[in-house]
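First the structure, in the form of C-alpha cells, and then the observations on it.
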Amino acid sequence: MVEVVLTTDRTMMSNHHHKEFLGFGTTGPPLLFPEKFWLYFFAPKMKVIDKDGRPKEAPYGLRKIEAKLIEEGFDAAIIEPDHLRKHVKSAKVLLLSHHDYFGFGPPSSTFASLFKMETVNARSFARLIESPPVREMKRRGVKIIAGGPAAWHWKYREDKMVEWGVDTIVDGEGELIIGELVKKAMQGEKLPRFIDLKPSQSPSLDEIPLIKYPSVNGLVEVMRGCPRGCKFCSVTLRPLRFIPFDKIEKEIKLNVKYGVKDAIIHSEDVLLYGAKPPGYIIPNEEKLIKLHKLFKKHVRRVVWAHASLAAMVKGQRDSKLMDTLAEIIIDENQSWWGAEIGIETGSPRLAKIIMPQKAKPFSADEWPEIVIEGAGIMEDVGMQPAMTLIAGLPEEKEEDIIKTLELVDELWDFKAIIMPMFFVPMGLLKDKDWFKAYELSDLHMELLKRCLTHGIRQGKRILQNYFEDRWYGPLVMPFYRFFIDRIEIAARKRGYISEPGSHRGKKYENFNEIKEIKGEHIEWDKTCR
C-alpha cells in the first residue's frame with residue numbers, strides 16, 4: 001500500500017465525459033435537478049487501473065507532484081477518492097489539490113452568491129475531507145498538506161483547517177519544495193501553516209518533471225506563466241517558460257500509451273508558445289505549426305486550454321495563422337475545437353486600468369474591435385470557445401457595463417458560451433474586496449440576463465455536434481438538451497430572458513449608490529464568498 005497518498009474529490013478526478021468544458025457544470029449549485037444528476041452528467045467517476053485504486057487519468061498538476069515525489073524516491077501515488085480506504089493503514093502523508101476547494105473561484109462564487117447555495121464542487125470536496133477514510137487517516141496521525149491553484153482559499157477558511165486537521169497549505173508551484181516538505185511530515189516534524197512560494201522559487205525547465213501516468217483528457221502543458229500582466233490574474237506573476245518539444249512529445253506519447261487518445265494543449269495563451277522577446281506577445285508561426293503537427297501526429301483530437309484574442313488577430317492579420325492551424329487540426333477525426341478565452345470587459349477605459357497588456361500589440365482603445373474581429377476569425381476556422389466576462393471590477397463604472405452589454409450584443413450570433421463572473425481578488429488585486437450578489441445593480445442584472453439568454457441560444461447550437469466524436473453521443477445529447485430546456489423554462493418564468501438592445505432607453509438605479517445590507521446576506525458572505 002502507498003505511504004504518500006495524493007488525491008482530490010470527484011469533480012476534479014473525472015474526465016467529464018471526455019469534454020473538459022462540462023467540468024464547469026460542477027461550479028454551479030445543484031438546482032433544478034438532484035446533485036447526483038449534476039455529478040453524473042458533469043463529473044462521472046474515474047475508472048481505476050489496478051486494485052489499489054490508481055486512476056486511469058488524474059489532474060495534470062497532481063500528476064506533476066506525483067512524478068516529482070516518485071523521482072525523489074517516495075512511495076507516492078494518486079489514488080481515486082473512493083479507494084482511499086485501502087491506504088488508511090499505510091498512509092503517512094495525504095496530499096490534496098483542487099481548483100476550487102470552497103467554491104471561491106470566479107464561476108463558483110458567482111453562482112453561490114446569486115443563489116445563496118454551495119456549489120457542487122464545494123460540496124464534493126467537503127464530502128471527501130469528511131469521509132471516513134480521511135478522518136481515520138487523521139486519527140492515525142497522517143499529515144495533511146493541501147495545495148494547487150485554489151490554495152489561497154484556505155486563508156479565508158482557517159477555521160476549516162482546524163476542523164479538518166489540515167496541517168499545511170502550499171500556494172505556488174510546488175515541485176521544488178514538495179519533497180522536503182513530505183520528508184518532514186513523515187518524520188513527524190512540525191510543519192509551517194502557510195507556505196507562499198515566490199516567483200523566484202518556481203522550478204526551471206529542467207526541474208519540472210515529466211508525468212509518469214496519464215492526465216485528465218490528455219492535457220499536456222506547453223508553457224508556464226503569461227506575459228499579458230492582467231492585474232486580476234495570479235499566473236502573470238510567475239516566470240515565463242516554454243516547455244521543449246521533446247518533453248511535450250514524451251507526455252503526449254505517455255497519455256496515448258495508456259489509451260488517452262485526445263489532447264488538451266495547456267497554456268495561459270497557446271498562441272504565445274515560443275513567442276520572442278522583448279514582449280513575448282507576437283505569435284511565433286513556425287513554432288506553433290510545429291507544436292500542432294506534433295500533437296496531431298499522435299492524437300485524434302486537439303483542443304486548447306486558453307488563448308488570447310489579440311494574439312489570434314495578430315497572427316491572422318500577419319500570415320493567416322489561424323487558417324493554417326485549422327488546416328492542421330480539422331480532419332476526419334475532428335470538425336471543431338474549443339478554448340477558454342477572456343473578454344473580461346467591453347470597455348476600453350476599464351481595459352486600460354485592469355488589463356493594459358491584454359490587447360497588445362494593439363491599443364486597449366481597440367479592445368472591443370479586437371474581440372469582434374477575433375470572434376469572426378474563430379467562426380471561420382471552426383472554434384467554439386467559452387468566453388468570460390468579469391462583473392464588479394475595481395473602478396468599474398456604469399458606462400463600462402453598458403459597453404460590455406453592447407459587446408455581448410455584437411456577439412449575439414457567435415457560436416460560443418459567454419460566462420459572466422463576479423470579481424474575485426487575485427493577482428495584483430488580491431487586496432481588493434470581493435464583488436457580491438447583493439451589490440448587483442439593475443444594470444449588472446441586465447448583463448447577467450443577456451449572457452444567460454445568449455448561452456441558452458448558443459448552447460443549443462453547440463450541442464448539435466458536441467458529442468460527434470463519441471459513440472454514445474446520440475444517447476446523451478437529449479439529456480443535455482433537456483437540461484438547457486429546463487434552464488430556459490426557469491429563466492422565462494423568472495423574467496431572466498434579455499434580448500439585444502433591451503437595455504436601451506431604460507432607467508436603472510443609481511449605479512454608485514452604496515447599499516447597506518444586513519442579516520442573511522452578510523452571514524452568507526462570511527461562509528461562502
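Numerical summary
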quantity: Charge sum, other residues only, whose C-beta stays under 12 Å from HIS503's C-beta, Lys/Arg counted +1 and Asp/Glu -1; calculated: 0
quantity: Listed peptides 143-151, 472-480 by packing density, highest first (mean Cβ within 10 Å); calculated: 143-151, 472-480
quantity: Distant-in-sequence amide H partners of MET419 (H built 1.01 Å from N, under 5 Å); calculated: MET387, THR388, LEU389
quantity: Model label zone, GLU406; criterion: amide N under 17 Å from point 7 Å along Cα-to-beta-carbon; scope segment 351-378; calculated: 351-352, 364-373
quantity: FRET E, pair TYR472, ARG127, Förster distance 30 Å, beta-carbon r, rounded to 0.05; calculated: 0.65
quantity: Relative contact order, percent, the chain [alpha-carbon distance under 8 Å, six or more residues apart]; calculated: 12
quantity: Anisotropy class of segment 4-201 from Cα gyration tensor, a/c 1.5 cut; calculated: prolate
quantity: Cα-Cα pairs of the chain separated by more than 41 Å (percent); calculated: 18
quantity: Spherically averaged projected area in nm², based on the convex hull that wraps the Cα atoms of segment 214-493; calculated: 15.1
quantity: Amide H contacts of TRP337 (H built 1.01 Å from N, under 5 Å, at least 5 apart or other chain); calculated: MET383, GLN384
quantity: Two-site label geometry, LYS51 and ILE70: point separation in nm, points 7 Å out along Cα→Cβ; calculated: 2.1
quantity: Length added when fully stretched, LEU205-ARG85, from 0.36 nm per residue minus Cα-Cα; calculated: 39.6 nm
quantity: About the Cα centre, charge dipole magnitude for segment 109-208 (Lys/Arg +1, Asp/Glu -1 at Cβ), debye; calculated: 540
quantity: Alpha-carbon centroids, segment 41-84 and segment 270-320: separation in whole Å; calculated: 31
quantity: Mean separation of Cα contacts under 8 Å (6+ apart) over length of segment 214-493, as relative contact order %; calculated: 16
quantity: Of LYS449/LYS506; LYS19/LYS138; LYS45/LYS183; LYS198/LYS397, pairs whose Cα-Cα distance is over 24 Å; calculated: LYS19/LYS138; LYS45/LYS183; LYS198/LYS397
quantity: Under Karplus coefficients 6.51, -1.76 and 1.60, residue-wise ³J(HN,Hα) of segment 455-466 in Hz, glycine/proline x; calculated: x, 4, 5, 7, x, 5, 5, 4, 5, 4, 10, 5
quantity: The chain - share of DSSP beta bridges that are antiparallel (%, nearest 5); calculated: 10
quantity: Debye, to nearest 20: dipole size of the chain, +1 on Lys, Arg Cβ, -1 on Asp, Glu Cβ; calculated: 1440
quantity: Kirkwood Rh and Cα Rg combined as Rg/Rh, segment 127-232; calculated: 0.99
quantity: Estimated D of segment 331-405 in µm² per second, where Rh is the Kirkwood radius over Cα pairs and Stokes-Einstein applies at 20 °C, 1.002 mPa s; calculated: 160
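Read-outs: derived from the displayed coordinates by stated rules, not from any lab. In this text, all values refer to a predicted model and were calculated from it rather than measured experimentally. All Cβ positions, glycine included, derive from the backbone under ideal geometry; neighbour counts span all protein chains shown.
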